[in-house]
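Student: The structure that follows is given in the form of C-alpha cells.
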Amino acid sequence: MEITFYKYQGTGNDFVIIDNRNLSFPTKNTQLVHFLCDRRFGIGADGLMLLNPSDKHDFTMVYYNADGSESTMCGNGGRCLVAFANKLGIIDKETTFDAVDGLHYATYEDGVTNLQMIDVHTINIFDTHCFLNTGSPHHVQMVNNIETYNVKDNGETIRYGAPYFKEGTNVNFVEALPNNAFRVRTYERGVEDETLACGTGVTAVAIAMFEQKQTQNTKIPLKVEGGDLEVSFEPTENGYKNVFLKGPATFVFQGVISYNA
C-alpha cells in the first residue's frame, strides 16, 4: 500500500494529514495509524488526521492519537486541517467543518488559523486544580518553576489516577507570566508524553485562569513549548461562548510512504 501524506505543525504540535475525500483510508487499521505516527519507523507525528467529505459543510475532521486510537477534538489539529483545506483549494479565507465535538467555524489568512472551539458550560474547581472539557477533557493545575517541572512523570500520575483512571485526561501545568499571559506545558493522553503544544489544553487553561480570577482579560496570550497561541472568549451567565484559538498552522512537507500490513 502506498499512501500520500502531508505533514503540518501548529506551534510544534505535528500531524500527518491525509486527503480522504474518496474514503479510501482503512480507518479500522489502528496499526497503520500507529506506524504512520511513529517517529522512528514511520513519518512521525503527535497524531493523524483525515480530511473526509461532509454532506452539509466544507469537510469533516477525523482525528487519531499517535497510538492509533480515535480521539476527541484536537485544537491545533483543527487549525492545521483548515490550512490544509486551503492548500487543496477546498476553502479560501473561512470555513465551517464537522468534527467529533460538533460544528466549527474558522478563518485562515497569512498562515494563521483562528478556530472557534465549543462553548464551555461546566468548570469543576477543586483546591489544587480544576477540570473542564473544551472538546477534550483537561486537568489544569498551577505550579511553580514550570521550566524545570517534571511534566511527564507528574502528568502520567494524574492522567491515570483518581478520578480519571482508564478513560484518562490531558494534564496542563500552568505558571503566570507578566502582562496577563501564562506559560503552559501539557501531558497529552494518547501521545502519553509531553507535547510541544495542545490547542484544547491552552483553551482550557485560558478559561480556567479567568474563572479562577487569575486574570480579568478575555483575550489571553499563552506561551507553549513550541511557540505562542492566543485564546479569546466571551463570558456568559452559563459559561463561555465565542471561544477562539488563534495561532500559526504551517505546512512542513509532503510525500508518499509504503506500508506492508
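Student: Test of understanding: among Ile118, Ile125, which residue is surrounded by fewer than 17 Cβ atoms within 10 Å (Cβ to Cβ), in contact (Cβ under 8 Å) with a residue 12 or more places away in the chain and aliphatic (A, V, I, L, M)?
Tutor: None of the others qualify; the one that does is Ile125.
Student: Would segment 14-29 turn up any residue that is in contact (Cβ under 8 Å) with a residue 12 or more places away in the chain, under 16 Å from Ala197 (Cβ atoms) and within 15 Å of the chain's Cα centre (by Cα)? Full working, then the answer.
Tutor: Taking segment 14-29 as the starting set, the residues that turn out to be in contact (Cβ under 8 Å) with a residue 12 or more places away in the chain are 14-21, 23, 25, 27, 29.
Adding the requirement that they be under 16 Å from Ala197 (Cβ atoms) leaves 14-15.
If we keep only those that are within 15 Å of the chain's Cα centre (by Cα) as well, we get 14-15.
Looking through segment 14-29, at least one residue is in contact (Cβ under 8 Å) with a residue 12 or more places away in the chain, under 16 Å from Ala197 (Cβ atoms) and within 15 Å of the chain's Cα centre (by Cα).
Student: May I ask you to list the residues in segment 89-115 that are farther than 19 Å from Leu222 by Cα, buried (at least 20 other Cβ atoms within 10 Å of the Cβ) and not aliphatic (A, V, I, L, M)? Steps first, please.
Tutor: Restricting attention to segment 89-115, the residues satisfying the condition of being farther than 19 Å from Leu222 by Cα are 89-110.
Keeping just the survivors that are buried (at least 20 other Cβ atoms within 10 Å of the Cβ) gives 91, 95, 97, 99, 104, 106, 108.
Result: Thr95, Phe97, His104, Tyr108.
Student: Anything in segment 218-249 that is surrounded by fewer than 17 Cβ atoms within 10 Å (Cβ to Cβ), in a strand (DSSP E or B) and of a type in the set (Val, Ile, Thr)? List them, or say none.
Tutor: Thr236
Student: Hey, does segment 32-48 have a residue that's touching a residue at least 40 places away in the same chain (Cβ under 8 Å) and under 27 Å from Glu109 (Cα atoms)?
Tutor: yes
Student: Tell me, yes or no, whether segment 105-118 has at least one residue that is assigned to a helix (DSSP H, G or I), among the small types (Gly, Ala, Ser) and on the phi < 0 side of the Ramachandran plot. Can you show your working first?
Tutor: If we filter segment 105-118 for residues that are assigned to a helix (DSSP H, G or I), which is where we start, we get none.
No, the conditions are met nowhere in segment 105-118.
Student: May I pose another question? Let me spell it out: the conditions are (1) part of a strand (DSSP E or B); (2) more than 21 Å from Asp98 (Cα to Cα); (3) of a type outside the set (Asp, Glu), and Gly42 meets all of them except one. Which number is the exception?
Tutor: (1)
Computed from the coordinates by the stated procedures, all read-outs in this text should not be read as laboratory data. Just so you know, these numbers come straight off a predicted model, no measurement behind them. Using ideal geometry, Cβ is built from the backbone for each residue, glycine included, and neighbour counts are taken over all protein chains shown.
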